[in-house]
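Taking it in order: structure first as C-alpha cells, then the write-up.
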Amino acid sequence: ALGLWEGADFTHARVREAARQATPEAVARQLHARCAEWLEAQGGEPARIAAHWQAAGEDARSLPALLQAAARAQQLRCTPDQLAFLMRAAGIAQAQGQDQLAFDCCSDAFETHTEAIRHTDGQALLAQMAQLARTPAQQSRSARHHAWHALVDGRLDEAVAQGETALALAESLAEPDLLAPARQVLGTALGVAGQLARGLPLMQAAEAWV
C-alpha cells in the first residue's frame, strides 16, 4: 500500500477507481453506510453524508442531509448547488411517497432564483409541482410559480391566466402569505401585458409584503 495513500485519500483518482471496481457491490454499500453514519456522528459535510447514503442504497436516509446541504448552499449563495440539492431531495421524497416534502422542495427550488430555473428544466419542475399539488394552498403556490416562469419567459397571456388562478385560490383561503405574493405576481404580469389599470391596485395591495 506504500505510495497509494496521501492523507485520508488515494494518491490518484485512477487508484481510487480501481479500488472501487474491485470492491463487491454489497460490501461497498455497507462501507458507504458506515461512512455516512460516522460522518453524521462527527457533524460532517451534509453533501458528503447524502452522497454516501445514496451510494449505500438508502435514499430515504439521505433526505435530511440533502436539505441541510441545500440550506448551507443558500448561506454560501451557491445557487446552482442549492437548486441541485433541492431537486434531488424532491425526487427522492416523491419516490418515497412523501408528497408534502416533495412539493415543498420543488417550491423552494423554484424560489432559489428565477435565472437559475431558466437554465435548468424549469418546465419539468413546474409539471412536478402541479402533479404534487393536492391542497388549494399548494395549487395556489404552483399556479403562482407557473405564472412567474411564464412572465419571465415572455408568455404574457399564460402568465396572467396562471396568476388569476393563483389569486382566486389564495382569496378562497384568505391566507395573507398566499394572497400577497399572488397579487404581486398577477399585478406584475398585468402591468407588463399593458393592463396597468388592473395590475396597479394588486401591486399596491401587496406593497407592504413586498
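The values are calculated or read from the model by the stated rules, or taken from the named source; none is laboratory data. Model, not experiment: these values are computed from the prediction. Every residue, glycine as well, gets a Cβ built from its backbone with ideal geometry; the counts of neighbours run over all protein chains shown. Calculation scope for accessible area: heavy atoms of the full protein, side chains included, ligands and nucleic acids excluded. Shrake-Rupley method; radii C 1.70, N 1.55, O 1.52, S 1.80 Å.
Let me know the charge dipole size of the chain about its Cα centre in debye, to the nearest 20, where only the beta-carbon of Lys, Arg (+1) and Asp, Glu (-1) is charged.
Numbers: 17 positive and 24 negative charges, 55 e Å.
Roughly 260 debye, rounded to the nearest 20.
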Open item on the list: Can you give me the accessible area per residue for the chain, using a 1.4 Å probe, in Å²?
Closed with: 56
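How compact is the chain by the rule of thumb for globular proteins, expressed as Cα Rg over 2.2 N^0.38 Å? Mind showing how you got there, number by number?
Details: Rg = 21.9 Å, N = 210, 2.2 N^0.38 = 16.8 Å.
The reported ratio for this selection is 1.31.
Please list 195-203, 122-130 highest first by mean number of surrounding beta-carbon atoms within 10 Å per residue.
Working: 195-203: 15.2, 122-130: 17.6.
Going from most to least packed, we get 122-130, 195-203.
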Task: Residue with peak Gaussian network fluctuation, the chain [Cα springs, cutoff 10 Å], from 178, 76, 167 - done: 76
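Order the following by accessible area, largest value first: 160, 210. Probe radius 1.4 Å; ligands, DNA and RNA are ignored. If you can, show how the numbers build up before the last one.
Details: 160 15, 210 115 Å².
Accessible-area ranking of 160, 210, largest first: 210, 160.
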